[in-house]
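Trainee: Below you'll find the structure I mean.
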There are 2 protein chains.
Amino acid sequence: MKDLVSRCPIEEVMQVLSGRWPTLLIYYLQDGTKRFGDLRRDNPTISHKMLTVELRKLVDAGIVQRTEFEGYPLRVEYDLTPEGRKLVPLIDALADWWDATDGVRRPAGAAVDRVST
Amino acid sequence: MKDLVSRCPIEEVMQVLSGRWPTLLIYYLQDGTKRFGDLRRDNPTISHKMLTVELRKLVDAGIVQRTEFEGYPLRVEYDLTPEGRKLVPLIDALADWWDATDGVRRPAGAAVDRVST
DNA sequence: CGGAATCCGCAATGATACTG
DNA sequence: CAGTATCATTGCGGATTCCG
């Protein structure tokens, strides 16, 4: 999803939240401050690279706060920003909607509604 | 994004809404019934194939209702389902959040917060 | 430990042609 | 008009390596 095709905010938010990881990372950051390694453990299947890439995206979007401490070994902490915390209930609402509509979904390409003119 | 890595509903909704088109299609379907060609005109840059693929995804998720009429030329209409309409305000909330946080975003990789231990 | 840079395979997407 | 099928292309995302 390289660039935008419309200028509506809808497409712009989705540019940030799309994909498997952004919402999951926000979800895990609800618990409080996390270090890079913590987030890797929370999401065992995310690759090292993806985690850095996705975190940077969230930082640039103002959703996550990155704090880098000096010294060895390196230490970096991630937190939700105030803006990011406002986003949490919205994501939760989507999750709730999903659960509530559980019965409506089709196995994928089931019956087709056909109507005579 | 082939399969799920967690069973939380958050990842499951995003599986459906992720990408450039799903939310845009839902947005355009707010106006009421649309035919295939209408949606193509609403989204000039979406390819024929992508439109069918994405629409099918939304239909399978119970968000969009597909109605096929017989006769020539072929005619198919798309509507939001009741469930789909419930989704609209949630997407709008995300868009509003995005607009409200406009000032917080960085140009992409700007300053870094560094703290001495 | 956290991150940047590189290479690379595979899935997603686009273009085209064909069908009912 | 709407959709399917096929093939070509893109680019995401994983593995690996090197750096502070």
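The values are calculated or read from the model by the stated rules, or taken from the named source; none is laboratory data. The shown structure was predicted, so the numbers you read here are calculated from the model rather than taken from an experiment. Cβ sites come from the backbone with ideal geometry, for glycine too, and all protein chains shown count toward neighbours. These accessible areas exclude ligands, DNA and RNA; they are computed on the full protein's heavy atoms, side chains included. Shrake-Rupley method; radii C 1.70, N 1.55, O 1.52, S 1.80 Å.
Trainee: A:Ile63: net charge of surrounding residues, Cβ under 12 Å, Lys/Arg +1, Asp/Glu -1, itself excluded? Walk me through the numbers on the way to the answer.
Mentor: Details: positive: A:Arg56, A:Lys57, A:Arg66, A:Arg85, A:Lys86, B:Arg105, B:Arg106; negative: A:Glu54, A:Asp60, A:Asp79, A:Glu83.
Net charge around A:Ile63: +3.
Trainee: Taking the Cα centroid of the range A:5-40 and of the range A:47-61, what is the distance between the two, rounded to the nearest whole Å?
Mentor: Measuring centre to centre over Cα atoms gives 9 Å.
Trainee: Taking each residue of B:14-26 in turn, how many C-beta atoms of other protein chains fall within 10 Å of its C-beta, and what is the average?
Mentor: 5
Trainee: How far apart, in nanometres, would the label points at A:Asp79 and B:Cys8 be if each is projected 7 angstrom from Cα along the Cα-to-Cβ direction?
Mentor: Calculated label separation equals 2.0 nm.
Trainee: So, R0 is 45 Å and r is the distance between the beta-carbons of A:His48 and B:Asp38; what FRET efficiency does that work out to, to 0.05?
Mentor: The value I calculate is 0.50.
Trainee: Around B:Glu54, what is the net charge, scoring Lys/Arg as +1 and Asp/Glu as -1 over all other residues with Cβ under 13 Å from its Cβ?
Mentor: +4
Trainee: Using a 1.4 angstrom probe on heavy atoms only, work out the carbon and sulfur share of the accessible area of the range A:9-100 in %. Don't skip to the end; give the middle numbers.
Mentor: Values: 2210 of 4170 Å².
Carbon and sulfur together cover 53 percent of it.
Trainee: Suppose R0 equals 45 Å; then what is the FRET efficiency for A:Val104 and A:Tyr72 from their Cβ-Cβ distance, rounded to the nearest 0.05?
Mentor: With R0 = 45 Å, the Cβ-Cβ based efficiency is 0.25.
Trainee: Which GluC sites (Glu not before Pro) does the range B:12-110 hold that lie in a coil by DSSP with at most 16 other beta carbons within 10 Å?
Mentor: B:Glu70
Trainee: Related question: Rounded to the nearest 20 debye, what is the charge dipole size of the protein assembly as shown about its Cα centre when +1 sits on each Lys and Arg Cβ and -1 on each Asp and Glu Cβ?
Mentor: It works out to roughly 720 debye.
Trainee: Next up: No solvent, one uniform scatterer per C-alpha: report log10 I(q)/I(0) for chain B via the Debye equation at q = 0.12 1/Å, two decimals.
Mentor: The computed values of log10 I(q)/I(0) come out as -0.56.
Trainee: Per the helix-only calculation at 222 nm, which mean residue ellipticity applies to the protein assembly as shown, given -39500 (n - 2.57) for every DSSP H run of n ≥ 4 and division by its residues, nearest 500 deg cm²/dmol?
Mentor: The helix-only estimate for the protein assembly as shown comes to -15000 deg cm²/dmol at 222 nm.
Trainee: Let me ask something else. In peptide B:89-95, how many Cβ atoms from other protein chains are near each Cβ within 10 Å, on average?
Mentor: Mean number of neighbouring Cβ atoms from other chains: 6.
Trainee: While we're here: Averaging the inverse of every distinct alpha carbon separation and then flipping it gives the Kirkwood radius. What is it for the protein assembly as shown, in angstrom units?
Mentor: 19.3
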